[in-house]
Amino acid sequence: MSDTANDTPLTVVLVHGAFADASSWNGVIERLQAADVQVAAPANPLRGIAHDSAYIASFFEQIPGRVLAVGHSYGGAVISNAAADAKNVVGLVFVAAFAPEDGERLGEASSTSKDSVLMTALAPLQYPTGDGAEPAVEFAVDPAKFHDAFAADLPAEQTAVMAATQRPVAELAFSEPSGPPAWKSLPAWTVVATGDKAAGTDLVRSMAERAGATITEVEGSHVIMVSQPAAVAEVIQTAAAAVDRQPVVARG
């Protein structure tokens, strides 16, 4: 990608995490669009690290010009893998998100968090894989535990709707090893939610420190982009302003 890509406006791509969809970014999108920021929020398939990263990398590559990749929760792992392949990504923003190392598995990493209660809130489901194969396992959050584990700073009525409309995530999202991370070659920012009981405040912070990310702590739950969209949008705009001044550098 040559420096002429700087002639095209930067696009912020918001990638949602597990148990959610792109509408979880609505409050952030409204604020970015009001600030004339070009933004897109694709559907994350939630079928596993390799599958989802390939899909999102393809989405990045079809955008003309530079991309600032933003991921929430599991979406952080997806953007870090996808951006390693999509050469037009110039920065990463992790929002209460995982930033795994090469070979790291999210299930194993999550078990080290003292703040996360997510694993105790998950309910296993099955889905067909076709061709007569055995069904595969996916997980949803138990609706009775959704508020406390996922979105404790939102009204119970709102989290009941979120629980009812949640999108289950394949078990492969937790068990597949992550690939070489893009945060080793790209600037990164992280929003750490101080009351994150899903990804775990402690784990998000430690991963952000390892990635050398610029950290902003915001009071709120795991779905900080829903409860504190202005604060999240501000971090994204700060990151966008920083990378918008930088030329695209070829990465091998």
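The values are calculated or read from the model by the stated rules, or taken from the named source; none is laboratory data. Every value quoted in this text rests on a predicted model; they were computed, and no experiment measured them. Using ideal geometry, Cβ is built from the backbone for each residue, glycine included, and neighbour counts are taken over all protein chains shown. When the accessible area is computed, the model is the full protein with side chains, heavy atoms only, and any ligands, DNA or RNA have been set aside. Shrake-Rupley method; radii C 1.70, N 1.55, O 1.52, S 1.80 Å.
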Open item on the list: Here's a check for you: in region 112-137, which residue that is hydroxyl-bearing (Ser, Thr, Tyr) and outside any loop (DSSP other than H, G, I, E, B) is least open to solvent (accessible area, probe 1.4 Å)?
Closed with: Tyr127
Open item on the list: Can you list residue pairs whose Cβ atoms sit under 6 Å apart, with the first residue in region 164-186 being under 18 Å from Ile56 (Cβ atoms) and the second being at pLDDT below 95 and not aromatic (Phe, Trp, Tyr)? Count only pairs 6 or more apart in sequence or on different chains.
Closed with: Ser185/Arg251
TODO: State whether one or more residues within region 134-144 are small (Gly, Ala, Ser), free of Cβ contacts under 8 Å to residues at least 24 places away in the same chain and out of contact with any Ser or Thr (no Cβ under 9 Å at 6 or more places or on another chain).
DONE: yes
Open item on the list: Just the residues that are open to solvent by 10 Å² or more (accessible area, probe 1.4 Å) and more than 13 Å from the chain's Cα centre (by Cα), please, taken from region 11-30.
Closed with: Ser23, Asn26, Gly27, Ile29, Glu30
- [ ] Name, by its number, the condition in (1) touching an Asp or Glu at 6+ places or on another chain (Cβ under 9 Å); (2) closer than 23 Å to Ile49 by Cα; (3) open to solvent by less than 70 Å² (accessible area, probe 1.4 Å) that does not hold for Ala140.
- [x] (1)
Open item on the list: Condition first: assigned to a loop (DSSP other than H, G, I, E, B) and buried (at least 24 other Cβ atoms within 10 Å of the Cβ). Now tell me which residues in region 67-85 satisfy that.
Closed with: Ser73, Ala83
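Listed residues Ser221, Ser206, Ser227; which is open to solvent by less than 10 Å² (accessible area, probe 1.4 Å), among the hydroxyl-bearing types (Ser, Thr, Tyr) and over 14 Å from the mean Cα position of the chain (by Cα)?
Ser221
Against the condition closer than 16 Å to Ala188 by Cα, over 13 Å from the mean Cα position of the chain (by Cα) and of a type in the set (Asp, Glu), how does Glu61 come out, does it pass?
When the stated conditions are applied, Glu61 does not pass them.
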Open item on the list: Any residue in region 42-59 that is within 20 Å of Phe139 (Cα to Cα) and of a type outside the set (Asp, Glu) sitting within a Cβ distance under 8 Å of a residue that is open to solvent by 50 Å² or more (accessible area, probe 1.4 Å) and outside any loop (DSSP other than H, G, I, E, B)? List the pairs, counting only those 6 or more apart or interchain.
Closed with: Asn44/Tyr55; Pro45/His51; Pro45/Tyr55; Arg47/Leu172; Gly48/Leu172; Ile49/Leu172; Ala50/Leu172; His51/Leu172
